[in-house]
1. Being of a type in the set (S, T, N, Q) and either within 14 Å of ligand 1 (Cβ to nearest atom) or outside any loop (DSSP other than H, G, I, E, B) (or both) is the requirement here; does S275 meet it?
2. How many residues does the range 217-233 hold that are free of Cβ contacts under 8 Å to residues at least 40 places away in the same chain and surrounded by 15 or more Cβ atoms within 10 Å (Cβ to Cβ)?
3. Please go through the range 317-332 and pick out each residue that is out of contact with any Ser or Thr (no Cβ under 9 Å at 6 or more places or on another chain), within 12 Å of ligand 1 (Cβ to nearest atom) and not acidic (D, E).
4. If you take the residues in the range 14-53 that are among the acidic types (D, E) and part of a loop (DSSP other than H, G, I, E, B), which one is farthest from G75 (Cα to Cα)?
5. Looking at this structure, is M292 surrounded by 14 or more Cβ atoms within 10 Å (Cβ to Cβ), part of a helix (DSSP H, G or I) and in contact with a Ser or Thr (Cβ under 8 Å, 6 or more places away or on another chain)?
6. On the basis of being farther than 21 Å from H133 by Cα, assigned to a loop (DSSP other than H, G, I, E, B), more than 13 Å from ligand 1 (Cβ to nearest atom) and over 18 Å from the mean Cα position of the chain (by Cα), does G82 make the cut?
7. How many residues, within the range 108-124, are in a loop (DSSP other than H, G, I, E, B) and among the β-branched types (V, I, T)?
8. Considering each of A280, A260, A297 in turn, give the residue that is assigned to a helix (DSSP H, G or I) and over 22 Å from the mean Cα position of the chain (by Cα).
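The values are calculated or read from the model by the stated rules, or taken from the named source; none is laboratory data. Since we're looking at a predicted model, the values are computed, not measured. Note that each Cβ is placed from the backbone with ideal geometry, even for glycine, and that neighbours are counted across all protein chains shown.
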Amino acid sequence: MTTVAAYAAPAAKAPLERTTIERRAVREFDVLIDIKFAGICHTDIHQAREGWGKATFPMVPGHEIAGVVAEVGPGVTTFQVGDRVGVGCLVDSCRECDSCKAGLEQHCTGGAVETYNAIGKDGEITYGGYSTHVVVDENFVVRIPDGLSLDVAAPLLCAGITTYSPLKQWGAGPGKKIAVVGLGGLGHIGVKIAHALGAEVTVLSQSLRKQDDGRKLGADHYYTTSDRATFKKLAGTFDLIISTVSAPLNFSAYLGLLRAGGALVNVGAPEEPVSLQLFALIGGNKILAGSMIGGIAETQEMLDFCAEHGIGAEIERIAASEINEAYERVLTSDVRYRFVIDTSTI
Ligand code: NAP
Ligand code: ZN
C-alpha cells in the first residue's frame, strides 16, 4: 500500500478537501499511473452530492484520468513505464459474461467495478482520479495517442466515449441530421465528434449565449429551446438526437423533432424521474433509447479517432483548490466546456 494525496468529499454535499488515501501495491497485471490531469464530469457532482442514491464517503471522484505509467506489474504486456495512458469510468469487470466477451464491459452481468464510489473485486473501496496516483489492471487502461495533449484528452475518457458510442451505434455520418441537446462537457465533444463523422449538426441549448462557440466546435445550426418556436420550426427534422442534459427534460417535446423512425438517445442522468407522453413515441414509430459510456476497446477506438481528427476537449485548467467553485459553475451551466484538474496542485 502507498499513501497518496487526493481531494475527497468527506460527506454528501460537503465541500471537497485535501486528504490522503491508500493505493494498493502493484499486482501482477497492474499499472501504476502518475495522474497528470482529471476532468470534472457532472456525474462527479451527482455522486458527491448523493443525488443518485446512497454513496460511500469519503469519496474521491474522477473518472476522466490522463497520466503516465510509473510502474508495471510483472505480468503486464501492454504498457511500459513512460507510456501516456488514460482510465475512464471502469476499473474491472467479470471478463466472462456475454457483455464482457462482446467488449461491453459497462454492461457486465457479473458487476462492472466503477472507478470510484464502488467496491472492487478485492473488497476495497475504489477511489477516482482527483488524486496523484492510481493503480489499475492493464485491461482497463487505454493508450492516449501522441497527437493528443494529456489535459485535453482527459475528458475524452468519459465525455468522449459517452457521445462517440451512441453516435456510432445510431449511424451518425454524411447525410444524417443530428441534434445535440445541452452544450456542456458531453455536448461540446459530441458536436465535435458528430461533425468529424460528417453529419449535419444542430445544437439545442437553453440560450443563444454559446452560439459562436457552437459553430466553432462544428455545429451547422444552433437554436435555443427556451423559444417555443424552435419546436415548431424543427418539427420532424432529425434522424438522431443525443440528449446530454443533466436535469429532467420534456422528452415528449424533443421526440417531436425527430423524423419518422428517428431515435432520441438519452445519455443525461438527472436525479429525478421524467414523465413521457407516449403518443409522442407512437406517432412516427420513434425510438427512445439510452446509452452508457462504452467498452474498453471502443474507448481506445474513440481516442484514436479523436487523435486522427484533432479532437480534444475545450478545457479550463484548474488547481485542486478550485474544485468546489468549479462544481458550482457546472451546476449553473457556466462551464466552457470542461474543468480539468491539474493534479500536481493536489
Ligand atoms: P454539463 O457539463 O453540466 O452539461 C450539461 C448541459 O445540459 C449544460 O451545459 C446545459 O447546456 C444543459 N442543461 C443543464 N441543465 C439544464 C436544464 N435544466 N434544462 C435544459 N438543459 C440543461 O454535464 P456533463 O458532464 O456533460 O454531463 C451531462 C449528464 O450526462 C449528467 O447527468 C451526467 O451524469 C450524465 N453522464 C452520463 C453518462 C452515461 O454514460 N450515460 C456519462 C457521463 C455523464 P446548455 O447551457 O447548452 O443548455
Ligand atoms: Zn463522466
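1. Considered against the rule, which asks whether it is of a type in the set (S, T, N, Q) and either within 14 Å of ligand 1 (Cβ to nearest atom) or outside any loop (DSSP other than H, G, I, E, B) (or both), S275 comes out as no.
2. Adding up the residues that qualify gives 9.
3. A326, Y327, R329, T332
4. Here the residue is E50.
5. No; evaluated as a whole, the condition is false for this residue.
6. In short, no.
7. Count: 2.
8. Every option except A280 fails the conditions.
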